[in-house]
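The values are calculated or read from the model by the stated rules, or taken from the named source; none is laboratory data. Quick caveat, the model's predicted, so the values are computed rather than measured. Virtual Cβ from ideal backbone geometry, glycine too; neighbours counted across all protein chains shown. Each accessible area value is taken on the protein alone, full model and side chains, heavy atoms only, with ligands, DNA and RNA left out. Shrake-Rupley method; radii C 1.70, N 1.55, O 1.52, S 1.80 Å.
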Amino acid sequence: MSGASVLYDVPGPKAKARNRVYSVIGALAVLGLIAFAFLRLDAKGQLDPEVWRIFNYAGVRTSIRDGVLTTLQVFAVAAVLSLALGLLLTVARLSDHKPVRWLATGFIELFRAVPLLITIYALWVILLTNRDALGLTGSQPQFWALVAGLTVYNGSVQAEVLRAGINAVPKGQKEAAYALGLSKTQVMTTVLIPQAVRAMLPTIISQLVVTLKDTSLGYIITFEELLYTARLMSTNIIVNGNDTYIPVIIVIGSIYVAMCLALSALATWIERRGRRARTGIRVGAAAEPVAAADAAESAEAPAGTKD
């Protein structure tokens, strides 16, 4: 008996018919909700062509472009810093020195427990009140508060991901590396971390997608990223006496979805390249010298002799 049959009962004819009925009813219910939403939006004038023509204006397109570029800038800096911090915290938490290990554990647990929005707001207040001492001008306090908040939170999560990957590496590999005379630093950098990164790459990329989405929290501290730009547009642009919240939300949401899908596609491409690198080594070529030696030996053997 297979494991699947133990964990899952194959539905019979009646159950299959009942499941089909439930599927049809569920699909009709979803389509009904979508149709109801479209009818309500049309009644409110949100589907009028004039409302959607706002995206033909050069100023609107420029604002959206600047918001996308600002969001990607914050994400790029926060992603690099969070990965570096995560690696540092992972090494510290696996340290043999108890004070270092306790300090790293406390840091990770603290910033994983505190809501990210509170962290960003607290950092913004600190940077804003010490702007002159830190030499910050313009929107730099908002930028660095958002980057720092994303870094400490996502760096703590990435540290736990990397630690889980390192602990998943078979202990025999670490013991063999120590038996060869490698130091702990060499074992960590050449044996454990590369395998942990390769094994946990999908989870690492998934957390980077979370980092990209969390850049939208910058609107709380009036940082002009994509969501803050969308809020300004939907508030200031009025068409036929109606606001433009719905069109702006749909367009900006589509942009966020496209960026996250692009990052996920990049993760899939990297994973496939890594899989090809592991399986693309030819092993048949090693038998060619042996075959050539056997052929030469049989040619040199006297005629009529056999083994």
**OP:** Consider Val30 carefully, then state whether it is surrounded by fewer than 11 Cβ atoms within 10 Å (Cβ to Cβ) and either part of a helix (DSSP H, G or I) or touching a Cys at 6+ places or on another chain (Cβ under 9 Å) (or both).
**Re:** yes
Original post:
In the stretch 141-173, what count of residues is obtained for those that are in contact (Cβ under 8 Å) with a residue 40 or more places away in the chain and open to solvent by 10 Å² or more (accessible area, probe 1.4 Å)?
Top reply: 11
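State which residue is farthest from Ala37 (Cα to Cα) when the search covers only the stretch 219-237 and only residues that are without any contact (Cβ under 8 Å) to a residue 24 or more places away in the chain and surrounded by 12 or more Cβ atoms within 10 Å (Cβ to Cβ).
Tyr219
Would you check if Asp42 is within 25 Å of Gly253 (Cα to Cα) and either out of contact with any strand residue (DSSP E or B) (no Cβ under 8 Å at 6 or more places or on another chain) or at pLDDT below 85 (or both)?
On the way: within 25 Å of Gly253 (Cα to Cα): yes; either out of contact with any strand residue (DSSP E or B) (no Cβ under 8 Å at 6 or more places or on another chain) or at pLDDT below 85 (or both): yes.
It is true that Asp42 is within 25 Å of Gly253 (Cα to Cα) and either out of contact with any strand residue (DSSP E or B) (no Cβ under 8 Å at 6 or more places or on another chain) or at pLDDT below 85 (or both).
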Subject >> Matching residues, the stretch 7-27, being surrounded by fewer than 10 Cβ atoms within 10 Å (Cβ to Cβ), under 34 Å from the mean Cα position of the chain (by Cα) and among the hydrophobic types (A, V, I, L, M, F, W, C) >> reply: Leu7
Subject >> Every residue from the stretch 106-120 that is over 12 Å from Val152 (Cβ atoms) and not in a helix (DSSP H, G or I) >> reply: Pro115
**OP:** State all residues of the stretch 41-85 that are open to solvent by less than 60 Å² (accessible area, probe 1.4 Å), in a helix (DSSP H, G or I) and not hydrophobic (A, V, I, L, M, F, W, C); if no residue qualifies, say none.
**Re:** Gly59, Thr62, Ser63, Gly67, Thr70, Thr71, Ser82
Subject >> Among residues of the stretch 238-271, those that are hydroxyl-bearing (Ser, Thr, Tyr), part of a helix (DSSP H, G or I) and open to solvent by less than 70 Å² (accessible area, probe 1.4 Å), counted >> reply: 4
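If you take the residues in the stretch 174-189 that are closer than 23 Å to Phe107 by Cβ and open to solvent by 40 Å² or more (accessible area, probe 1.4 Å), which one is farthest from the chain's Cα centre (by Cα)? Reasoning before the result, please.
Residues of the stretch 174-189 that are closer than 23 Å to Phe107 by Cβ, as a first pass: 184-185, 188-189.
Okay, now just the ones that are also open to solvent by 40 Å² or more (accessible area, probe 1.4 Å), so 184-185, 189.
Values: Lys184: 30, Thr185: 28, Thr189: 23 Å.
The selected residue is Lys184.
Before we move on, is Ile205 over 25 Å from Leu83 (Cα atoms) and in a helix (DSSP H, G or I)? I'd like the intermediate steps shown before the answer.
Details: over 25 Å from Leu83 (Cα atoms): no; in a helix (DSSP H, G or I): yes.
Considered against the rule, which asks whether it is over 25 Å from Leu83 (Cα atoms) and in a helix (DSSP H, G or I), Ile205 comes out as no.
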